[in-house]
Amino acid sequence: MVKEKFIHKDKKNGFVIISLDSSEPDINDIQIGLEQSDWLKNQLNKTPEYMWKIVTFNPHLLPIPPKTGRERNILLEARDLLKVLMNHKVELTLMDINMSLTPRGLRKW
């Protein structure tokens, strides 16, 4: 299965948005995978220091409080991904936003 990746660099406003795909059909284990991890590192290495780095993916990188229904959906390689984000000084990480994109725009669950 080909995982979709996305990058947008806005040099005028000084930020880059990188989005990763952690979807895995019909299984409970969620992972970014080696190919995307390498791609992420490459993109972060090519991003100038002055630019804010924003990375998005689903689900949570770190566990959230128990009994919320989300404590089981954590990336298999969370530790490795956290190291990459910290080593490259990513300013903002967005995870597990409960919205979906529809033909009419964002829909809240």
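Out of all the residues in the range 60-73, is one or more modelled with pLDDT under 85, surrounded by fewer than 16 Cβ atoms within 10 Å (Cβ to Cβ) and under 24 Å from Gly14 (Cβ atoms)? Checked against the condition, which is being modelled with pLDDT under 85, surrounded by fewer than 16 Cβ atoms within 10 Å (Cβ to Cβ) and under 24 Å from Gly14 (Cβ atoms), the range 60-73 yields no hits at all.
Annotation: Thr56 fulfils all but one of (1) modelled with pLDDT under 90; (2) not in a strand (DSSP E or B); the unmet one is (2).
The values are calculated or read from the model by the stated rules, or taken from the named source; none is laboratory data. This one's a predicted model, so the numbers in the text were calculated from it and none came from an experiment. All Cβ positions, even for glycine, are placed from backbone atoms using ideal geometry, and neighbour counts span all protein chains on display.
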